[in-house]
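A short worksheet on the structure shown next.
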Amino acid sequence: MTESITPPAGLPEKIRHYIGGQFVDSIDGEEFDVLNPVTNEPYITAASGKKADIEAAVTAAKTAFDEGPWPTMLPRERARILYRIADIVESRKDELAAMESFDSGLPITQAKGQASRAAENFRFFADLIVAQVDDAFKVPGRQANYVNRKPIGVAGLITPWNTPFMLESWKLGPAIATGNTVVLKPAEFTPLSASLWPGIFEEAGLPKGVFNMVNGFGEEGFAGDSLVKHPDVPLISFTGESSTGQTIFANAAPWLKGLSMELGGKSPAVVFADADLEAAVNATIFGVFSLNGERCTAGSRILVEDSVYDEFVERYAAQAKRVKVGLPSDPDTEVAALVHPEHFEKVMSYVEIGKTEARLVAGGGRPEGFETGNFVQPTVFADVAPEARIFQEEIFGPVVAITPFSSDEEALELANNTKYGLAAYIWTSDLKRAHNFSQAVESGMVWLNSNNVRDLRTPFGGVKASGLGHEGGYRSIDFYTEQQSVHINLGEVHNPVFGK
Ligand code: NAD
């Protein structure tokens, strides 16, 4: 218990902004409390950024962009710094994971995996910019055309509290690899691990002003909103709730900013009777209970063919009851504490709603022995109707809805019957069905007979209310760069002549 209550070694005195290479407080001096999810007691304060702090950060980022050297450095030189960043992240993995786990309530073993993934993101985008090729086109004897790829300017990066460090790396990697400068606004519930970025970047030799960070809230007048509305920030990459995405879309409209949005989900896992049932149970358990269920791509609606439905529900509920709930710092813990009491209340309210809408077959309350903090039992509802709120709405916790189906058509109708469209998981041994279903399902990503394992080269994004645009691989490079077409006349000028 003590390890989850006592802050990890290396904790800063307080969490500050980082602007132009300096740690600074908010201009108005305001701070807010950050809570430990195991006790819900404040353990540190963080600077609360507002418009004036964003102004200072954007000025620093714009100066670093306009005066260089970062945007004009050779890709190979930038890549060397990105590799150093990756190595430092990897070498500080245990410290990073301890901070992330303490701050967010993520199980420590899973937090370590996320730290390694963060390092990998920097390596991957370093590789991409070195290997970057761009299009060239020829019209023999008349014209040659080529694409001149350029960084855009100051990128505004706004991130959520689930796997915060990894998700920040997912935006920071491509944004800086391509020569932009950035202002990061980390999530207010989990600012701790982000406070390590400045030290990592300084040690790696990133020039001052390329990375800037303003902590605080997102709402009107606060840091997130002010970043979106700043005229010198042409790009906003946002990950968070769909409703926040809608607000940001509207607030960015007057400037027609470049937007990339990774939003909420309520992804189906569809289990056909011909599937390897054991593999499907194991993967769908992991898919919804890993990361405490606070996972955008969680397969939180499981659709099961009626001939294996009862067996599946029984096996699933039995295994869910064995998922190990424990302290975030315990390496054996599989589900730990939700991030914040507000989020705990939200998840618990869905558990109560579920009890009125469906059949509870596992969990449904606080785990024994965890009378304080944001602990929720892995909770399973069966016989969930498609109109139920627990079928339609994103809960973002360790709560799953299981629904039967009796034909491929019904499975597809159920799979597509929410406003979201992030991921879909399909379990079947019939290849034709697997591919046909993948093509018809309304989701940005599909996994066939697989857990959520991502190749960093593939596009990542959602359809419907789950997102706008794609990041991942070259899509990230495209988002963070301007592609200017240069046209060269190789022959006679062939324009019609006016005014002769
Ligand atoms: P959130 O939308 O409440 O907040 C996300 C970030 O936006 C925070 O930094 C917040 O301060 C900021 N923000 C809030 N209002 C803002 C505004 N008006 N203008 C600018 N910034 C604002 O989301 P959350 O609760 O932190 O995260 C959970 C959500 O994120 C879930 O819906 C989850 O599915 C989603 N998510 C999606 C992905 C994906 O890749 N699709 C990944 C992780 C999380």
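Couple of notes before you dig in:
- G265 under 20 Å from the mean Cα position of the chain (by Cα), within 9 Å of the ligand (Cβ to nearest atom) and closer than 20 Å to T379 by Cα: yes
- Summed over the stretch 449-493, residues that are among the aliphatic types (A, V, I, L, M) and surrounded by 15 or more Cβ atoms within 10 Å (Cβ to Cβ) total 5.
- Where Q246 falls short, out of the listed (1) surrounded by 15 or more Cβ atoms within 10 Å (Cβ to Cβ); (2) within 15 Å of the ligand (Cβ to nearest atom); (3) closer than 24 Å to D478 by Cα: (1)
- Residue within the stretch 29-38 that is among the acidic types (D, E), modelled with pLDDT of 95 or more, farther than 22 Å from E220 by Cβ and surrounded by fewer than 20 Cβ atoms within 10 Å (Cβ to Cβ) present: no
- Residues of the stretch 106-138 satisfying the condition of being within 30 Å of P69 (Cα to Cα), of a type in the set (A, V, I, L, M) and open to solvent by less than 50 Å² (accessible area, probe 1.4 Å): A115, A118, A119, A126, L128, I129
- Scanning the stretch 218-242 for residues that are within 7 Å of the ligand (Cβ to nearest atom) and within 24 Å of G461 (Cα to Cα) turns up G218, G224, D225, L227, V228, F238, T239, G240, E241, S242.
- Residue check: T247 meets all listed conditions (1) in the same structural domain as E168 (by TED's automatic domain parsing); (2) touching a residue at least 60 places away in the same chain (Cβ under 8 Å) but one, namely (2).
- Check on G364, in contact (Cβ under 8 Å) with a residue 40 or more places away in the chain, under 23 Å from A283 (Cα atoms) and either among the basic types (K, R) or assigned to a loop (DSSP other than H, G, I, E, B) (or both): no
- None of F286, F272, F344 is closer than 19 Å to M166 by Cβ and either hydroxyl-bearing (S, T, Y) or surrounded by fewer than 24 Cβ atoms within 10 Å (Cβ to Cβ) (or both) except F286.
- Filter result (touching a residue at least 12 places away in the same chain (Cβ under 8 Å) and among the charged types (D, E, K, R)) within the stretch 368-410: D383, R389, E393, E394, D408
- The criterion of being free of Cβ contacts under 8 Å to residues at least 60 places away in the same chain, within 16 Å of the ligand (Cβ to nearest atom) and on the phi < 0 side of the Ramachandran plot does not hold for L192.
- Options G444, G491; residue that is under 26 Å from I285 (Cβ atoms) and touching a residue at least 24 places away in the same chain (Cβ under 8 Å): G444
The values are calculated or read from the model by the stated rules, or taken from the named source; none is laboratory data. Note that the coordinates shown come from a computational prediction; the quantities given were computed from them, not determined experimentally. With ideal geometry, Cβ positions are generated from the backbone for all residues, glycine too; neighbour counts draw on all protein chains shown. Areas reflect the complete protein model, heavy atoms only, side chains present, ligands, DNA and RNA absent. Shrake-Rupley method; radii C 1.70, N 1.55, O 1.52, S 1.80 Å.
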